[in-house]
Amino acid sequence: MYPPLRRIQDVADEVGLTSRAIRYYEEMGLLIPAARSGGSHRLYDESDVERLRAIQALRDDAGFSIGDIARLLEDTDQLARSKAAYRSAENPVERLRIASEGLARVDRQIALLGGKIERLRAMSDDARARRARIIELVAQLEPEVGASTTKARPRTAEAPA
């Protein structure tokens, strides 16, 4: 028996997206509904729901653009197809070609993720530098203002790592 197919609003409610967002992801090629009803309503299966959760995490949690999400998902989809092709291939030359293409895709994903990490690290470093400058400014101003106002700010507070 097949798992039940769900309509767009049911899926939107489950994953915390709007129907409009889901349609947008379809327009951008990030998602293809599992089926359409006789009335041409979009119908989604569990793999569609999981893909929407992945899209949402890449967008909201990791801050990736739609273009980057498309590249990551396309590579992931191709890796799944390559895995099946590798298993069915008997020729070692063909298996090597498939494995090499898979390696290139994973390397592309690593580069994209690494670039995001480096940009976030630079942003964090900039914020820490601003924090250090403000701490210096506060330290210079405190003697002028007096010790009574310093109780509001813990002197040893550190920004989270």
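To the nearest Å, what is the center-to-center distance of region 95-140 and region 41-72, using C-alpha atoms only?
21 Å
Take Arg23 and Arg71, extend 7 Å from each Cα along the Cα→Cβ direction, and tell me the distance between the two endpoints in nm.
Computed distance between label sites Arg23 and Arg71 equals 3.0 nm.
Pull out the extension gain between Glu94 and Ala127, defined as 0.36 nm times the separation in residues minus the alpha carbon to alpha carbon distance; nm, one decimal.
Separation in residues times 0.36 nm, less the Cα-Cα distance, equals 6.9 nm.
Taking neighbour counts of Cβ atoms within 10 Å as a proxy for exposure, in what order, fewest first, do Leu141, Leu58 appear?
By the 10 Å Cβ count, ascending, the order reads Leu141, Leu58.
Across 5 Å bins from the origin, how do the percents of Cα pairs in the chain run, short distances first?
Bin by bin from 0 Å, the calculated values are 1, 7, 12, 12, 10, 10, 10, 9, 7, 6, 5, 4, 3, 2, 1, 0, 0.
Residue by residue through region 52-63, which ³J(HN,Hα) values in whole Hz follow from phi under the Karplus form 6.51 cos²θ - 1.76 cosθ + 1.60 (θ = phi - 60°), with glycine and proline marked x?
4, 5, 5, 4, 4, 5, 5, 6, 7, 7, 9, x
Just so you know, all these numbers are worked out from the coordinates, no wet-lab data involved. Remember, it's a predicted structure, so these values are computed and weren't measured experimentally. Heads up, the Cβs are rebuilt from the backbone with ideal geometry, glycines too, and the neighbour counts pull from every protein chain shown.
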